[in-house]
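Contents: one structure, followed by commentary.
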Amino acid sequence: MNHSTVANTEVVRLITIPISHYCEKVRWALDLLKIPYIEERHVPAFHRLATRKYEGSTVPILVSNAGNFTDSTDILHYLDTLSSESQRLYPEEPELRREVEALEELFDAKLGVDIRTWGYFYRSNNRKTMRRAWCKETPLFEQVGFEIAFPFISAKVRQLYSITAESAARSLQGIREIFETVNQKLADDRPYLGGDKLSAADLTFAALAAPILQPPEHPVLVSKIEELPIEMATVIKELRATAAGVYALRLYREQRQVK
Ligand SMILES: N[C@@H](CCC(=O)N[C@@H](CS)C(=O)NCC(=O)O)C(=O)O
């Protein structure tokens, strides 16, 4: 079967929470590979009505003729089967592929979680910010639900992710460590984390790091650095100046074509 033909004829559906950086990882892959898709956005809590239908709880979920995928890494692996050889997200060469997959797993399991903890510690109580982050292009009834239930949703999110001053401080430490790992990889003089081509590792790093780098090309992030609490702005400036930060910002500038 010719997979690119399949990609051209099928419009997949991506279920998201607008601000979710794991959703941005998949959105970016879809845009990069020019796979036609419809994004169905939900406000947190309401997303469960959509995810339940596909036996998932978290977003992103990709709904396709080939099946429903409930994890961002599984989705990227599936999208890779639809892409042309020159655009593969995972290298052919086994050792490089293992390296790319290990980096993706590290970023998913640690960086994504730590950045969410750090960001929600500062912002999840702020109705205006969370309206922009959670409600953009969601169904109207969910936006009304957000207005009524914001204090409850916000408290639930803080509870779900154990958001405290201590967890946020620990997370920042974890984020700095991952940035240092990426700094070292880039110091090996490689153009990309997985060798000489853009791969799932690069895309995952840049998408998951975006909330702490605030790239201007990001399709959902909206805060201006001057509007953020000073502690956040200081960390953003610090990490933007690292080799890893410069690298992720460049990937957004040069490789983030929006649909
Ligand atoms: N390992 C998952 C993580 C996805 C994830 O944690 N999604 C969060 C949003 S950032 C979510 O859906 N949270 C809502 C919930 O747990 O109900 C993936 O890579 O897809």
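The values are calculated or read from the model by the stated rules, or taken from the named source; none is laboratory data. Bear in mind the structure is a predicted one, so any value in this text is a computation, not a measurement. Here the Cβ is made from the backbone with ideal geometry for all residues, glycine too, and neighbour counts use every protein chain on show. Remember, those area values only see protein heavy atoms, side chains included, never the ligands or the DNA or RNA. Shrake-Rupley method; radii C 1.70, N 1.55, O 1.52, S 1.80 Å.
Tabulated data
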quantity: Solvent-accessible area, 1.4 Å probe, carbon plus sulfur percent, for region 134-259; calculated: 57
quantity: Region 27-88 and region 174-228: distance between their alpha carbon centers, rounded to Å; calculated: 21
quantity: Length gained when the stretch S84-R13 is fully extended (0.36 nm per residue, less Cα-Cα span); calculated: 23.5 nm
quantity: Estimated FRET transfer efficiency when R0 is 35 angstrom, pair A66-R176 (beta carbons, to 0.05); calculated: 0.35
quantity: Extended-chain gain in nm, criterion 0.36 nm per residue less alpha-carbon gap, R253 and D188; calculated: 21.1 nm
quantity: Across K197/K224; K25/K197; K128/K185; K34/K237; K53/K197, pairs whose alpha-carbon gap is larger than 27 Å; calculated: K197/K224; K128/K185; K34/K237; K53/K197
quantity: Residue-normalised accessible area of region 94-255, given per residue in Å² at a 1.4 Å probe; calculated: 48
quantity: Sequence-distant residues sharing a close amide H with I61 (under 5 Å, placed H); calculated: I15
quantity: GNM flexibility winner over the chain from H42, H21, H77 (Cα, springs under 10 Å); calculated: H77
quantity: Highest-first arrangement of 147-153, 201-207, where packing means the average Cβ count within 10 Å; calculated: 201-207, 147-153
quantity: Length added when fully stretched, E93-V144, from 0.36 nm per residue minus Cα-Cα; calculated: 13.3 nm
quantity: Among E55, E226, E24, residue whose mean-square fluctuation peaks in a GNM of the chain (springs only between Cα atoms under 10 Å); calculated: E226
quantity: Relative contact order for the chain, counting Cα pairs under 8 Å that sit 6 or more residues apart, in percent; calculated: 24
quantity: Positive-pole candidate from T181, G194, S171, dipole of region 154-194, charges at beta carbon; calculated: S171
quantity: Normalised contact order of region 3-87, rounded percent, pairs of Cα under 8 Å and 6 or more residues apart; calculated: 38
